[in-house]
Amino acid sequence: MTKKAIAAEKKHQHEIALARANGYEGVIIPLEVDYDLQYIEDAKDKEYIYDIAYEYGWDKFVVVLFKSRSNISKYIDLKLTEAA
């Protein structure tokens, strides 16, 4: 994961904890724009996550998924995903 992604996750630490407490399955944190993070209601649906990113025009973002005892973070660059 990039330094930018780690910094974004630390910046939104409080909101991530709040989303977990409110029963969401994860969050999406944009990296290249200054938007609030978006809450994920269905973490199993990858298309749902990509649709949110497309809707806001985000190419690079971090997805933080909530597991029972820890968080799983994944850096996503949609430009690379589309090329594959």
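Rg and Dmax of segment 31-84, using alpha carbons, in Å: what are they?
Taking only Cα atoms of segment 31-84, I get Rg and Dmax of 11.4, 34 Å.
Nearest 500 deg cm²/dmol is fine: what mean residue ellipticity at 222 nm does the chain get from its DSSP H runs of n ≥ 4 alone, each adding -39,500 (n - 2.57), divided by its residue count?
About -11500 deg cm²/dmol.
Can you check what the net charge comes to around residue 66, using other residues whose Cβ is under 9 Å from the Cβ of residue 66 (Lys, Arg +1; Asp, Glu -1)?
+1
At a Förster radius of 22 Å, what calculated FRET efficiency corresponds to the Cβ-Cβ distance of residue 44 and residue 13, to the nearest 0.05?
That gives a FRET efficiency of 0.35.
Averaged per residue, what accessible area in Å² does segment 1-78 show with a 1.4 Å probe, protein chains only?
Value returned for segment 1-78: 64 Å² of accessible area per residue.
Just to be sure I understand the rule: take each whole DSSP H helix in the chain, project its Cα atoms onto its long axis, keep it if the span is 24 Å or more and its mean Kyte-Doolittle hydropathy is at least -0.5. Which ones pass?
Helix filter hits for the chain: none.
Under 18 Å from the Cα of residue 11, which aspartates and glutamates turn up, not counting those fewer than eight places away in the same chain?
32, 34, 36
If R₀ is 30 angstrom, what is the calculated FRET efficiency for the pair residue 4 and residue 68, using the beta carbon separation as r and rounding to 0.05?
Rounded to the nearest 0.05, the efficiency is 0.60.
Of the chymotrypsin sites (Phe, Trp or Tyr not before Pro) in the chain, which ones lie in a loop per DSSP and count no more than 14 other C-beta atoms within 10 Å?
Here the chymotrypsin sites (Phe, Trp or Tyr not before Pro) that fit, given the DSSP loop and packing criteria, are 35.
Which of the listed residues, 64, 40, 78, is farthest toward the dipole's positive end in segment 40-80, when Lys, Arg count +1 and Asp, Glu count -1 at the beta-carbon?
So the residue we want is 64.
Hand me the trypsin sites (Lys or Arg not before Pro) from segment 19-84 located in a DSSP loop with no more than 16 other Cβ atoms within 10 Å, in residue order please.
For trypsin sites (Lys or Arg not before Pro) across segment 19-84 that sit outside H, G, I, E and B with at most 16 neighbouring Cβ atoms in 10 Å, the list reads 44, 67, 69.
Taking all protein chains as present, what is the carbon and sulfur share of the accessible area of the chain, in % to the nearest whole number, probe 1.4 Å?
Accessible surface attributable to carbon and sulfur in the chain totals 49 percent.
Given springs between every Cα pair under 10 Å in a Gaussian network model of the chain, which of 18, 65, 31 has the largest fluctuation?
Sorting by GNM fluctuation, first place goes to 18.
The values are calculated or read from the model by the stated rules, or taken from the named source; none is laboratory data. Just so it is clear, the structure is predicted and the values come from calculations on it, not from any experiment. Note: ideal-geometry Cβ built from the backbone for every residue, glycine included; neighbour counts use all protein chains shown. Protein only, heavy atoms only, side chains kept; ligands, DNA and RNA dropped before computing areas. Shrake-Rupley method; radii C 1.70, N 1.55, O 1.52, S 1.80 Å.
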